[in-house]
Amino acid sequence: MIYIYDKKTRDFRKIKFSNHLFKFTFVVSVLVSIGAISQINNYKNGDLTEREVELIFAKQNEFSEEKLISKIKELNFKFPHIVLAQAKLETAHFTSKMFNENNNLFGMKQAVTRINTAGGTQHGHAYYDTWTESVYDYALYSSTYLHKLKSESDYFSYLSSSYAEDPNYILKLQEIIQNQNLKSKF
């Protein structure tokens, strides 16, 4: 059985999913949150105020490129440097309205034919409660559509034909990867 933390009620509730990959991804995200969960248990025992709990969540969900790199490593993407380059390109280096308002790192639209973590659609793109949910959604996308790709060339080819709207998308990704030496981060 899988449980999800409900921010409104500040309690855990059962959820059911049939997709084993989603279960795995979700369980990993929960395990990463163990530190915050143990602090939340202190709140239930009366040791923390509601404001302190909110600050714990805010700090945990605070974005940094280093945290993104860590999350990409944790989720074991096949070509992590490409994933990081996509996040940089799609968010104009983490400054775009889509990222700041939607927590959307990858310009994702809300999926309708696969499991996703989006909360809905805003500004024509998926929105997420936290930036990490955006990364989990990209992991679900990747595990659904990109898992059989064997090489960077195959990955770029898929992105070019099925993901990118800009005809220069792949060239821009490759430029970011090379100019910022992204392979060295993984």
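Under 6 Å between Cβ atoms, which residue pairs at least 6 apart in sequence (or on different chains) link something in the stretch 74-97 that is in the same structural domain as residue 165 (by TED's automatic domain parsing) and small (Gly, Ala, Ser) with a partner that is surrounded by 15 or more Cβ atoms within 10 Å (Cβ to Cβ) and at pLDDT 95 or above?
Listed pairs, sorted by first residue: 85/173; 85/176; 85/177; 85/182; 87/105.
Restricting to the stretch 124-140, what's the tally of residues that are crowded, with 17+ Cβ neighbours inside 10 Å and free of Cβ contacts under 8 Å to residues at least 60 places away in the same chain?
Qualifying residue count, the stretch 124-140: 8.
Residues being loosely packed, with under 14 Cβ neighbours inside 10 Å and in a loop (DSSP other than H, G, I, E, B): count how many of those fall in the stretch 56-80. Spell out how you get there, then give the answer.
Filtering the stretch 56-80 down to residues loosely packed, with under 14 Cβ neighbours inside 10 Å leaves 58-59, 62, 64-66, 70, 73, 76.
Those still in the list that are in a loop (DSSP other than H, G, I, E, B) too: 62, 64, 76.
So the count comes out to 3.
Quick one: in the stretch 111-123, which of the residues that are modelled with pLDDT of 90 or more and farther than 16 Å from residue 135 by Cβ is surrounded by the most Cβ atoms within 10 Å (Cβ to Cβ)?
122
So, in the stretch 98-132, of the ones that are of a type outside the set (Ser, Thr, Tyr) and in a helix (DSSP H, G or I), which residue ends up nearest to the chain's Cα centre (by Cα)? Steps first, please.
Quick first cut of the stretch 98-132, residues of a type outside the set (Ser, Thr, Tyr) only: 98-112, 114-116, 118-120, 122-126, 129, 131.
Next cut, in a helix (DSSP H, G or I) only: 98-102, 131.
Details: 98: 14, 99: 11, 100: 14, 101: 15, 102: 12, 131: 6 Å.
The extreme case among them is 131.
Please find, among 83, 53, the residue that is modelled with pLDDT under 90, touching a Phe, Trp or Tyr at 6+ places or on another chain (Cβ under 6 Å) and in a helix (DSSP H, G or I). Before you say what the answer is, go through the steps one by one.
On the way: 83 fails: modelled with pLDDT under 90.
Within the list 83, 53, the selection yields 53.
Is there a residue in the stretch 86-97 that is modelled with pLDDT of 90 or more, in contact with a Pro (Cβ under 8 Å, 6 or more places away or on another chain) and basic (Lys, Arg)? Before you say what the answer is, go through the steps one by one.
Step one: list which residues in the stretch 86-97 are modelled with pLDDT of 90 or more, which gives 86-97.
If we keep only those that are in contact with a Pro (Cβ under 8 Å, 6 or more places away or on another chain) too, we end up with none.
The answer is no, given that none of the residues of the stretch 86-97 is modelled with pLDDT of 90 or more, in contact with a Pro (Cβ under 8 Å, 6 or more places away or on another chain) and basic (Lys, Arg).
Cβ-Cβ below 8 Å, separation at least six or inter-chain, first residue in the stretch 159-172 and under 14 Å from residue 109 (Cα atoms), second assigned to a helix (DSSP H, G or I) and of a type outside the set (Lys, Arg): which pairs?
Correct list of pairs: 162/145; 163/169; 164/170.
The values are calculated or read from the model by the stated rules, or taken from the named source; none is laboratory data. Treat the numbers as computed from the prediction; the structure is a model and nothing was measured. In this analysis, Cβ positions are derived from the backbone assuming ideal geometry, glycine residues included, and neighbour counts consider all displayed protein chains.
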